[in-house]
Structure formats: C-alpha cells, structure tokens
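S.K.: Just passing along the structure, written as structure tokens.
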Amino acid sequence: MKKVLLVSVSTLIVGLASPAWSQEQRPPFETKKVDGTDNVYIFRNGNHQAMFIVTNDGVIATDPIAYGRPTGGQTYLDEIKKVTDKPVKYVIYSHHHFDHIAGGKAFKDAGAQFIAHRKVKERLEPLADPNTVLPDEVFDSEKTVTLGGTALELRYLGPNHSDSTIVMRLPREKIMFIVDTIPVGTVPGRGMIDFYPAETEQFIKKVLAMDWERLIPGHPGQPNGRLGTKKDAEDQLALLQDASAEMKKLGQEGKCWDAAEKEFKLPKYANWPGYEQGLPFIARRYCGYWGRGT
Ligand SMILES: [Zn+2]
C-alpha cells in the first residue's frame, strides 16, 4: 500500500483540542505531499481536504474548504507558501457545496482564476453567499488545465453527489481527486439532499472505467487518512446498490417515509465508519427515490 509522506505539519493548538481530532491525535490542519509524486499535495483542514499541485509556473489549487472557518482560506494559502514561492494561478471547485468551496477570498485577492462546472455558477449566483467566490470561468463537459508541464483534466460525468460535481485527474500520476461521491472506507455523509441515486451508480461505473490508481477524497479516507483505490470505488458502488435494493422493497410496499426509514438497515456496512450518522440520510434519500419518485 502506498503511503503519504509527511512534509509539514502545522500544529496550532489553542486551549482544549476538539474531541474529534484530539482522539485521532491530529492537528487542526496539515499539508502532506503525496508519496510517489514530485509536486502533488493534500491540504487538510478539520475533516475536509483539498489537492494542490506545485509547478515551476505556479500552483493549481482546489477547494478552499473554509466553511465556518473565517481564516481558513488564508491558512490554506499560507500552507502553500511554505512549499513554494510561486503564485496560485488557479482554484478549481469540485462542486458547489459551501463546506468545500467557501473561503476563496484570499486566493482571489492573490490573483487566482477560479474554474468550475457551469452548474456551480448557476447554483451559486442566486445564493450570493458572502463567503464564496463565484467562478471566473466555467465549462460543460471537459477542460484540461495546463501549467508548468502539469496537466490536470477536469471532467463532468453527469449528476452524482450533486449536479455540479466533477472529477479531476492527473494523468501522469494516475491520481483522481473526487469529492463526496466516492468516500474512502466510510459510509456516505449527511449531504445527500441533492444526491442523484441512479445517476451516481452510472457515475461510479464511468470513474472505474478511467485510467487511475489512487483517489484523493474530499474527506480523509479511513483509516488514517489513506487514499482510495478502485476497490474503494467498487465498494461504494456496492453499498449504494444495496441501499437502493433495500429501500426499493420498502418504498414499493408503500412504507415511505416513517415506517420504511425505521425499518431500513444495511447490516453489511454496520462496522463502517459513519454508519450510524449516515444511515438516516441514505434512508431518506432512497425513500424519496423509491417511495415518491423524486
Ligand atoms: Zn458535497
């Protein structure tokens, strides 16, 4: 198994550590170089993470991950500055959810160009979130960002975790950065309100057909913040297929919402991290699908 090399750990411990990370004995944020690469890094802040790539001509960053963290964008930029003195040229959004993309102002002020799928802009514009920078440039199906000899391929494979989520691929490193749709070693999180059940299965099959070896997720993989593999994508697809089959019975028996959601269990996944927290949200989303046609 490939491991991630620790390059710089920023430890900022103010008063009592929050239980979530003190239990795991990890600092509030940190930056790690991905093992086996020359220039690919993961910046983690709390339980969110983003990828950035350092080149001789500048940096390609992704998601600012600073929702509810007013200084989070600047922290991210400061972490990049510890690695390189080159400017951040681009910030690429994985999708439109604020927990991943809020906090880009520091990057905008430093002159970065923001790129996202067209749907991101359509979603963000009416909300006018004061903490979230609108994309400068949008694309529909695919775009390759090239900088200093690095190519980062952006592709839209249809609706999945949201209708704006893209995949990012580094062809040379065979690394993917995919946020929220394919959690690594965990049950899907709570943000399933705009999740597309049938389309997500197709999405994961398309991802599996692509050429890659390692997956950087938008939340640290379990255990120990590991990167994902195609096996993780297959496991996640199986989980969603199992969830769908289970709720299909209940929904078609006329049990949605309350009875079905109470009865809905996925015992095969009961020992996966996030099972207890995630189950009600999975139940609700698939109840909507099979019990209401939504
Ligand atoms: Zn999301």
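S.K.: What are the residues in the stretch 80-120 that are assigned to a helix (DSSP H, G or I), more than 16 Å from the ligand (Cβ to nearest atom) and crowded, with 23+ Cβ neighbours inside 10 Å, if any?
M.R.: So in the stretch 80-120, the residues assigned to a helix (DSSP H, G or I) come out as 80-83, 98-101, 105-109, 118-120.
Then drop every residue that is not more than 16 Å from the ligand (Cβ to nearest atom), which leaves 80-83, 105-109, 118.
Scanning the stretch 80-120 gives a single hit, 107.
S.K.: Within the stretch 184-198, track down each residue that is out of contact with any Leu (no Cβ under 9 Å at 6 or more places or on another chain) and within 15 Å of the ligand (Cβ to nearest atom). Can you show your working first?
M.R.: Going residue by residue through the stretch 184-198, those that are out of contact with any Leu (no Cβ under 9 Å at 6 or more places or on another chain) are 185-186, 189-196, 198.
Residues satisfying the conditions are 186, 189, 190, 191, 192, 193, 194, 195, 196.
S.K.: Quick test of your reading of the structure: residue 262 fulfils all but one of (1) within 20 Å of residue 160 (Cβ to Cβ); (2) out of contact with any Ser or Thr (no Cβ under 6 Å at 6 or more places or on another chain). Name the failing condition by number.
M.R.: Of (1) within 20 Å of residue 160 (Cβ to Cβ); (2) out of contact with any Ser or Thr (no Cβ under 6 Å at 6 or more places or on another chain), only one is false for residue 262: (1).
S.K.: For the stretch 138-159, which residues satisfy the criterion of being farther than 18 Å from residue 212 by Cβ and over 20 Å from the mean Cα position of the chain (by Cα)?
M.R.: Those that are farther than 18 Å from residue 212 by Cβ and over 20 Å from the mean Cα position of the chain (by Cα): 146, 147, 148, 149.
S.K.: Could I ask something else about it? Mind checking which residues of the stretch 136-175 are within 16 Å of the ligand (Cβ to nearest atom) and outside any loop (DSSP other than H, G, I, E, B)?
M.R.: 167, 168
S.K.: From 261, 276, grab the single residue that is open to solvent by 70 Å² or more (accessible area, probe 1.4 Å) and not in a loop (DSSP other than H, G, I, E, B). I'd like the intermediate steps shown before the answer.
M.R.: Working: 261 fails: open to solvent by 70 Å² or more (accessible area, probe 1.4 Å).
Exactly one residue qualifies, and that residue is 276.
S.K.: Return the residues of the stretch 188-205 that are closer than 19 Å to residue 232 by Cβ and of a type in the set (A, V, I, L, M); say none if nothing qualifies.
M.R.: 192, 204
S.K.: Please state which of the following conditions residue 124 fails to meet, knowing it meets all the rest: (1) in a helix (DSSP H, G or I); (2) away from the ligand (no atom under 16 Å from the Cβ); (3) free of Cβ contacts under 8 Å to residues at least 40 places away in the same chain.
M.R.: Here residue 124 meets the rest and fails (2).
S.K.: So which of 222, 236 is surrounded by 14 or more Cβ atoms within 10 Å (Cβ to Cβ), in contact with a Pro (Cβ under 7 Å, 6 or more places away or on another chain) and farther than 22 Å from residue 156 by Cβ? Reasoning before the result, please.
M.R.: Working: 236 fails: farther than 22 Å from residue 156 by Cβ.
Checking each option against the conditions leaves just 222.
S.K.: Right, another one. Out of curiosity, is residue 186 surrounded by 18 or more Cβ atoms within 10 Å (Cβ to Cβ) and out of contact with any Phe, Trp or Tyr (no Cβ under 9 Å at 6 or more places or on another chain)?
M.R.: On the way: surrounded by 18 or more Cβ atoms within 10 Å (Cβ to Cβ): yes; out of contact with any Phe, Trp or Tyr (no Cβ under 9 Å at 6 or more places or on another chain): no.
Considered against the rule, which asks whether it is surrounded by 18 or more Cβ atoms within 10 Å (Cβ to Cβ) and out of contact with any Phe, Trp or Tyr (no Cβ under 9 Å at 6 or more places or on another chain), residue 186 comes out as no.
S.K.: For the stretch 202-209, does any single residue satisfy the condition of being away from the ligand (no atom under 15 Å from the Cβ) and free of Cβ contacts under 8 Å to residues at least 12 places away in the same chain?
M.R.: Taking the stretch 202-209 as the starting set, the residues that turn out to be away from the ligand (no atom under 15 Å from the Cβ) are 202, 204-209.
Now drop any that are not free of Cβ contacts under 8 Å to residues at least 12 places away in the same chain, which leaves 209.
There is at least one residue in the stretch 202-209 that is away from the ligand (no atom under 15 Å from the Cβ) and free of Cβ contacts under 8 Å to residues at least 12 places away in the same chain.
The values are calculated or read from the model by the stated rules, or taken from the named source; none is laboratory data. All values derive from a computational prediction rather than experimental measurement. So basically every Cβ, Gly included, is an ideal-geometry build from the backbone, and we count neighbours across all protein chains shown. Surface accessibility is based on the protein's heavy atoms, side chains included, excluding ligands, DNA and RNA. Shrake-Rupley method; radii C 1.70, N 1.55, O 1.52, S 1.80 Å.
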